[in-house]
Amino acid sequence: MIRAEQPPASQETQAPAQAVSTWSGQAREQAVQRMFTSIAAVYDLNNTLLSFGLHYRWKKQTASFVPSVKQGTALDVGAGTADLALLVEPRMGAKGRVIASDLNHAMLAEGLKKVDSKGLTGKITCLQANAEHLGFADNTFDAVTTGFCMRNVGHLPQAVSEIRRVMKPGGTFVCLEFSRPVFGWLRALYDWYSFTLLPWIGTKVARDTTGVYEYLPASIRTFPDQERLCHMLREAGFRQVSYKNLSGGIVAIHVATK
């Protein structure tokens, strides 16, 4: 099931995409939704091209941090096209369930196609929901995952707090997100790729006119690095907080326990 409501339009959504990285709250949320709606149909292909296929490996490693249970319930926040939800599903057991939630209807519709094609509609439910107001009862999920979502929310501390609220005590939170490369030469190379090559590819290859491929590297630059995200998770009440760098810190997997 996908609820078909779209975020309300406003004058703020017409502002240049380049400014999104400096916005917060509803203005950022609405601009992000507009941009991802425009690329939903080609999102998976572009991810594969732009990450040289690495995003599949990153997501598999992320799912491996989710403890396997006999009959569990998991939530994937910002599920997008459902790659991570599909990888988490086997870890919830034969009678387990996964909720794939995302605010963006177009992205979630693409994810639902994958779920249907694998015959998993009885085990994975696609649901439109806001990461900052998830709408589930306290202490519901054995695990919560998120992949390349958290840097796009309007109020990051609120989203982190909301995720912890819906988790069962002892539950595991696993967050995959772009981070800060650990080597100076890699940071320089990554900055060139992100701010020069990526926008060019977005314009010439993906034919993006919304500025999403300029927004993406800007959002990465302003997102908390590995240690600052650990601090934020601890401030929200999580324990046993740790992280694992992948690809030299281009991305990092944070793991925390409620």
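The values are calculated or read from the model by the stated rules, or taken from the named source; none is laboratory data. Worth saying up front: this structure is predicted, and the values here are computed from it rather than measured. Cβ atoms come from the backbone with ideal geometry, glycine included; neighbour counts cover every protein chain shown.
When segment 40-63 is limited to residues that are at pLDDT 90 or above and over 15 Å from ALA252 (Cβ atoms), the one that is farthest from the chain's Cα centre (by Cα) turns out to be GLY53. Need at least 3 residues that are within 20 Å of VAL88 (Cβ to Cβ), touching a Pro at 6+ places or on another chain (Cβ under 7 Å) and hydroxyl-bearing (Ser, Thr, Tyr) per element, so show me which helices (runs of 4 or more DSSP H) inside segment 155-204 make the cut, counting only ones lying wholly within it. Hits in segment 155-204: none.
The one condition from (1) at positive phi; (2) touching a Phe, Trp or Tyr at 6+ places or on another chain (Cβ under 8 Å); (3) of a type outside the set (Asp, Glu) that PHE52 does not meet is (2). Scanning segment 198-215 for residues that are at pLDDT 95 or above, crowded, with 22+ Cβ neighbours inside 10 Å and within 22 Å of ALA79 (Cα to Cα) turns up nothing.
Step by step: first the residues of segment 90-106, then only those that are surrounded by 22 or more Cβ atoms within 10 Å (Cβ to Cβ) and under 19 Å from CYS149 (Cα atoms), then the one that is farthest from the chain's Cα centre (by Cα). Which residue is that? Residue satisfying both the conditions and the ranking: VAL98. GLY170: more than 29 Å from SER51 (Cα to Cα), at pLDDT below 95 and surrounded by fewer than 19 Cβ atoms within 10 Å (Cβ to Cβ), yes or no? Judged against the criteria, GLY170 is not a match. The number of residues in segment 107-126 that are surrounded by fewer than 24 Cβ atoms within 10 Å (Cβ to Cβ) and part of a strand (DSSP E or B) comes to 1. Does segment 68-80 contain at least one residue that is surrounded by fewer than 19 Cβ atoms within 10 Å (Cβ to Cβ), of a type in the set (Gly, Ala, Ser), under 27 Å from LYS168 (Cα atoms) and at pLDDT below 95? No, segment 68-80 contains no residue that is surrounded by fewer than 19 Cβ atoms within 10 Å (Cβ to Cβ), of a type in the set (Gly, Ala, Ser), under 27 Å from LYS168 (Cα atoms) and at pLDDT below 95. Go through the residues of segment 156-171 one by one and say whether even a single one is touching a residue at least 60 places away in the same chain (Cβ under 8 Å), more than 20 Å from ASP83 (Cβ to Cβ) and β-branched (Val, Ile, Thr). Scanning segment 156-171 turns up at least one residue that is touching a residue at least 60 places away in the same chain (Cβ under 8 Å), more than 20 Å from ASP83 (Cβ to Cβ) and β-branched (Val, Ile, Thr).
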